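The values are calculated or read from the model by the stated rules, or taken from the named source; none is laboratory data. Since we're looking at a predicted model, the values are computed, not measured. Neighbour counts are summed over all protein chains in view; Cβ atoms, including those assigned to glycine, are modelled from backbone coordinates with ideal geometry.
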Amino acid sequence: MRAGIFQCAGGGFSADARFERLQREIARERLDLVVCPELFMSGYNVGNEIAALAEPRGGPYAARIAELARSNGTAIVYGYPERDGELVYNAATCIGADGGAVANHRKLLLPPGFEENVFAPASGLTLFTLEGARCAMLICYDAEYPEALRAAAEAGAEVVIVPTALAENWSTVALQLMPTRAFENGVWLLYANHAGEENGANYFGGSCIVAPDGKDAARAGPQEELIVADVDLSRVSAAQQRLPYVKQVEEMRRRLAARAGGS
């Protein structure tokens, strides 16, 4: 699977302008999958506008993305505010290369800050198959918990897709934490951040495609760009056989419990 991440510097731009930038980037290279950042549709640091911009699953913006995906033969993952009745969720959706809806994930835990006042928290692991790869989707803060990535790996995920909105003062997450999550689970990790500035928020950039050995297959700098890498699923089985952390985790838990009980 040839995968790309569109690290968009869309602060101050409309949903239409961000769509046009994505359209331009997709046209440049044949890709099986493109991942866009958290709340790509609306922008992340836009305050109360998020609720006004929210749309239901499969809404007008999703229809435009579906046509873009179909015309380019490229699956697209993007973040958006999802309205469901009176509730709004921080969500990300995957549209297949045929334009069909594949999966939708709602952010599980909300970090301290404005998100707690705007969004409802969600539950459940999101798993789906894309281009023969078993995929899981998490959003930003979700992936910072080792339990979330481990649950995805234990459920058979080979590729974990993470739209995010990471500020420059949290660079450790992109540079150290995400490679660690990929390494300790033996999975591919696609981490898609914003770039530039948005209403006083400065994003780190640093989007990355991390291989199952924890090494970068591709990494962005601080500016808007499209990064690309070939996702080789054979590297998942090789990594998990060499270091079977996922298979042996229950054994480690039992041994830790026995040690605690004997002290």
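Conditions tested, residue by residue: (1) at pLDDT 95 or above; (2) farther than 21 Å from Leu138 by Cα; (3) out of contact with any helix residue (DSSP H, G or I) (no Cβ under 7 Å at 6 or more places or on another chain).
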{"site": "Trp170", "(1), (2), (3)": "yes, no, yes"}
{"site": "Val173", "(1), (2), (3)": "yes, no, no"}
{"site": "Thr180", "(1), (2), (3)": "yes, no, yes"}
{"site": "Glu197", "(1), (2), (3)": "yes, yes, yes"}
{"site": "Ser234", "(1), (2), (3)": "yes, yes, yes"}
{"site": "Glu251", "(1), (2), (3)": "no, yes, yes"}
Those residues of the stretch 139-153 which are outside any helix (DSSP H, G or I) and either out of contact with any Lys or Arg (no Cβ under 8 Å at 6 or more places or on another chain) or hydroxyl-bearing (Ser, Thr, Tyr) (or both), in sequence order: Tyr145
Single residue of Tyr61, Tyr80 found to be crowded, with 23+ Cβ neighbours inside 10 Å, modelled with pLDDT of 95 or more and hydroxyl-bearing (Ser, Thr, Tyr): Tyr80
Failed item, numbered, when Asp216 is tested on (1) surrounded by 15 or more Cβ atoms within 10 Å (Cβ to Cβ); (2) more than 30 Å from Asn48 (Cα to Cα); (3) in contact (Cβ under 8 Å) with a residue 60 or more places away in the chain; (4) out of contact with any Pro (no Cβ under 6 Å at 6 or more places or on another chain): (3)
Residue in the stretch 5-20 that is over 18 Å from the mean Cα position of the chain (by Cα) and of a type in the set (Lys, Arg) present: no
Selected residue (only one of Glu168, Glu158 is more than 16 Å from Gly4 (Cβ to Cβ) and free of Cβ contacts under 8 Å to residues at least 60 places away in the same chain): Glu168
So Glu29, is it over 18 Å from Asn193 (Cα atoms), modelled with pLDDT under 95 and exposed (fewer than 14 other Cβ atoms within 10 Å of the Cβ): yes
